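Quick one: the structure is below, and I'll ask about it shortly.
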Amino acid sequence: MPIPLVMTIISPDRTGLVESVARVVAEHGGNWLESRMCRLGGEFAGILRAEVPAANKPALCEALQKLQVDGLQILFRADQSAAPAAAGVQTRLEIVGSDRPGIVRDITSALARAGVNVEEFSSEVVSAPMSGETLFKAQARLQPPDRCDLAALKKDLEKIAADLFVDVSFAEISGK
C-alpha cells in the first residue's frame, strides 16, 4: 500500500534542483502527485506531495537526506489527510493596489475572523505599466465554511480594501 508524503524543499536556486528530487522519488517507486514550486529572490522553494510504497519509505527518506549536502533542505512528513477536500463553494480573491505594509495581514485577518481557509495564496510586487508605481498583486483560492455569510465577508473585504487603497475582487469559483 502506498504512503502519501508531503515534502517542503528550499535551496539556493540552481539548474537541476527539481530533477534531483524527482529522480530520487522515482528511483524509490514513488509517484509525484502534485506540487507548487517557484524561485523567490535567489532561493528556490516548493512543496510537493508524492506516494511511495510503504516498504520504500525509509530508503526514500534516506536518499532525500543525502541530497541535503548540496544545500538543499527537505522536510518530509506523512500526509495524514485521508479526508476528502471540503465541500462547499470555493472563492477566488484578487487584490491589486499600491504596495504598502499590512495588506496581507489585514486581508487575511478578515478571512480568519470569518473562518475561511486559505487553500492557495500567491503574491508579487511589480512595476505598474504606465506610472512605474510599485503595485502589490495577490491571488488566493479560498474555502469558506458552509456557515459563512459571503455577502458580509465581501463587504468586510471591500471596506478593508478602501482603507488600504487597493482593489479587491471576490467571486465564487464554479469548479475546482
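Could we say that Ser98 is polar (S, T, N, Q), modelled with pLDDT under 95 and touching a helix residue (DSSP H, G or I) at 6+ places or on another chain (Cβ under 8 Å) here?
Against the criterion (polar (S, T, N, Q), modelled with pLDDT under 95 and touching a helix residue (DSSP H, G or I) at 6+ places or on another chain (Cβ under 8 Å)), Ser98 does not qualify.
In the set Leu67, Leu48, which member is more than 23 Å from Ile173 (Cα to Cα), at pLDDT below 90 and of a type in the set (A, V, I, L, M)?
Of the residues listed, the single one that is more than 23 Å from Ile173 (Cα to Cα), at pLDDT below 90 and of a type in the set (A, V, I, L, M) is Leu67.
Got a sec? Which of Glu172, Glu158, Glu119, Glu94 is under 30 Å from Glu51 (Cα atoms) and surrounded by fewer than 15 Cβ atoms within 10 Å (Cβ to Cβ)?
Going through Glu172, Glu158, Glu119, Glu94 in turn, just one is under 30 Å from Glu51 (Cα atoms) and surrounded by fewer than 15 Cβ atoms within 10 Å (Cβ to Cβ): Glu119.
Another question, if that's okay. Does Asp70 fit the bill of being more than 22 Å from the chain's Cα centre (by Cα) and in contact (Cβ under 8 Å) with a residue 24 or more places away in the chain?
yes
Which one of these is surrounded by 14 or more Cβ atoms within 10 Å (Cβ to Cβ) and over 17 Å from the mean Cα position of the chain (by Cα): Gly30, Gly16?
Result: Gly30 is the single residue among Gly30, Gly16 that is surrounded by 14 or more Cβ atoms within 10 Å (Cβ to Cβ) and over 17 Å from the mean Cα position of the chain (by Cα).
State whether the residues of the range 62-69 include one that is surrounded by 15 or more Cβ atoms within 10 Å (Cβ to Cβ), of a type outside the set (Lys, Arg), farther than 27 Å from Pro12 by Cα and touching a His at 6+ places or on another chain (Cβ under 8 Å).
no
The values are calculated or read from the model by the stated rules, or taken from the named source; none is laboratory data. This structure is a prediction, so every number in the text was calculated from the model and none was measured. For neighbour counting, all protein chains shown are included, and Cβ atoms are generated from backbone atoms with ideal geometry for every residue, glycine included.
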